[in-house]
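The values are calculated or read from the model by the stated rules, or taken from the named source; none is laboratory data. This is a predicted model, so every value here is computed, not measured. No Cβ is skipped: glycine too gets one built from the backbone with ideal geometry, and neighbour counts run over all protein chains shown.
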Amino acid sequence: MSARDERAEIIPYRDGPLVVRGPFVLLDEDGREIDAGRRTVALCRCGRSQLRPFCDGSHRRARYRAEGGVSPDAERRHPLRGD
Ligand code: FES
């Protein structure tokens with residue numbers, strides 16, 4: 001098993017959700033586990049889903065737009081960055 005197989009991948013899709021693949025634990029803000037029921041899930045990042053935190057496809061109707069990768073200055077502006 002490679003290191004890549006042992007961790008989750010989180011992929012921000014252009015104009016869509018964050019897709020999580022691999023072993024992960026999904027928690028609410030109080031630390032309670034949310035049963036995702038599978039190893040691959042799409043997490044809403046547009047705020048329109050009725051199934052939050054999961055994507056229900058509402059981003060398409062909302063014409064949500066977001067880059068698929070890293071924003072040009074995300075490194076500099078990341079709010080949780082430790083330094
Ligand atoms: S990203 Fe799909 S419903 Fe929000």
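Cβ-Cβ distance below 6 Å, separation of 6 or more or different chains: which pairs start in segment 4-15 with a residue that is under 14 Å from GLU67 (Cα atoms) and at pLDDT 95 or above and end on one that is surrounded by 12 or more Cβ atoms within 10 Å (Cβ to Cβ) and not hydrophobic (A, V, I, L, M, F, W, C)?
Partner pairs satisfying both residue conditions: ASP15/TYR64.
Taking interchain pairs and intrachain pairs at least six residues apart, which have beta carbon atoms under 8 angstrom, with the first residue in segment 50-61 and farther than 9 Å from PRO17 by Cβ and the second within 8 Å of the ligand (Cβ to nearest atom) and part of a helix (DSSP H, G or I)?
Note: pairs meeting the criteria are GLN50/SER58.
Just to be sure I understand, how many residues within segment 26-46 are in a loop (DSSP other than H, G, I, E, B) and under 18 Å from ILE10 (Cα atoms)? Step through it out loud before you land on a result.
Of the residues in segment 26-46, the ones in a loop (DSSP other than H, G, I, E, B) are 26, 28-32, 34-39, 44-46.
Subset that is under 18 Å from ILE10 (Cα atoms): 26, 28, 34-39, 44-46.
Matching residues across segment 26-46 total 11.
Each row is one residue, and each column tells you yes or no for (1) surrounded by 16 or more Cβ atoms within 10 Å (Cβ to Cβ); (2) touching a Leu at 6+ places or on another chain (Cβ under 7 Å); (3) of a type in the set (Val, Ile, Thr).
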site	(1), (2), (3)
GLY31	no, no, no
ASP35	no, no, no
VAL41	yes, no, yes
GLY47	no, no, no
PRO53	yes, yes, no
ARG61	no, no, no
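For ARG14, all conditions in the list (1) exposed (fewer than 12 other Cβ atoms within 10 Å of the Cβ); (2) more than 16 Å from the ligand (Cβ to nearest atom) hold save one; what is the number of the exception?
Result: ARG14 passes all but (2).
Looking only at segment 20-54, filter to residues that are farther than 21 Å from TYR64 by Cβ and in contact with a helix residue (DSSP H, G or I) (Cβ under 9 Å, 6 or more places away or on another chain); which one of those is farthest from the ligand (Cβ to nearest atom)?
Across segment 20-54, the extreme among qualifying residues is PRO23.
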